[in-house]
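Enquirer: Below is one structure. I have some questions about it.
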Amino acid sequence: MKEKKEVQIDSSWQDTYGDMVTLLLCFFVMMLAASSVDQAKYEQIQAGMQEGLGKVQAQRPIEMLMVELSDDIQSMDATDEVSIGSDTQGIVLEFGGDTFFDTGSAKLKAQAQPILKRIAATLQSERYAKFNFSVEGHTSNKKVESELYPSNWELSAARAATVARFLEDRGISHTRIKIIGFADNVPKYPNFDLFDEPIPQNQLKNQRVVIHIEPRLY
């Protein structure tokens, strides 16, 4: 009797199928990150996928900018005046108002200018051309009333505008900058204690300028 030929089963499709399932998993993970609008996390996932698919040294502009700004702050010995962090949109720079402005004024102090110049030099770099900036002005809850600034609204907006103009004068297009005046409506620390007595050190800390640095998605 003739021997039956052994049937060879082609299993090469399993490799393709496995690759497809892996890519789909990565896709849904990326979509999940995008749904929470966490730009830093999205960048990490995107770079990891590119590197996993053979594209080495994927660009991580948020991470790069965070490192450069941290170096700027430390090299200027300005860690007490400027803090750096992040949120779901990008990078957050916070400047203490008492360091940058006198009480009731929107004119930059001389000591603030070298710090801002160093930071502006980094922000205007061509490799960060796809970042936009939201400059927020915040005041303490102490009421301000003058011919220039009838209330804390005008003062907070004027301080934000001063920082925005400073950035524009150093090469950052005004189309990438917006300003917001919050007055005393978004305190970082409580202005009063449990006995409704003012807390001067907290009132001072609430007087600040915050720059949100966000990558454009288009």
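Enquirer: Kindly provide the set of residues from region 133-159 that are surrounded by 15 or more Cβ atoms within 10 Å (Cβ to Cβ) and of a type in the set (A, V, I, L, M, F, W, C), ordered by number.
Expert: Phe133, Val135, Val144, Trp153, Leu155, Ala157, Ala158
Enquirer: Just to check your reading of the model, which residue among Ser75, Ser70, Ser86 is hydroxyl-bearing (Ser, Thr, Tyr), farther than 22 Å from Val135 by Cβ, modelled with pLDDT of 90 or more and under 21 Å from the mean Cα position of the chain (by Cα)?
Expert: Unique residue meeting the criteria: Ser75.
Enquirer: For region 160-175, give me each residue that is surrounded by 15 or more Cβ atoms within 10 Å (Cβ to Cβ) and of a type in the set (S, T, N, Q).
Expert: Selection gives Thr162 alone.
Enquirer: Let me ask something else. Filtering region 87-108 down to residues that are under 13 Å from Ala158 (Cβ atoms) and part of a strand (DSSP E or B), which residue is least open to solvent (accessible area, probe 1.4 Å)?
Expert: In this case the residue turns out to be Phe101.
Enquirer: So which of Lys188, Lys178 ends up being in contact (Cβ under 8 Å) with a residue 24 or more places away in the chain, open to solvent by 60 Å² or more (accessible area, probe 1.4 Å) and assigned to a loop (DSSP other than H, G, I, E, B)?
Expert: After applying the criteria, what remains is Lys188.
The values are calculated or read from the model by the stated rules, or taken from the named source; none is laboratory data. Note that the structure is a prediction, hence the values are computed from the model and not measured. With ideal geometry, Cβ positions are generated from the backbone for all residues, glycine too; neighbour counts draw on all protein chains shown. In case anyone asks, the SASA skips ligands and DNA or RNA and just uses the protein heavy atoms, side chains included. Shrake-Rupley method; radii C 1.70, N 1.55, O 1.52, S 1.80 Å.
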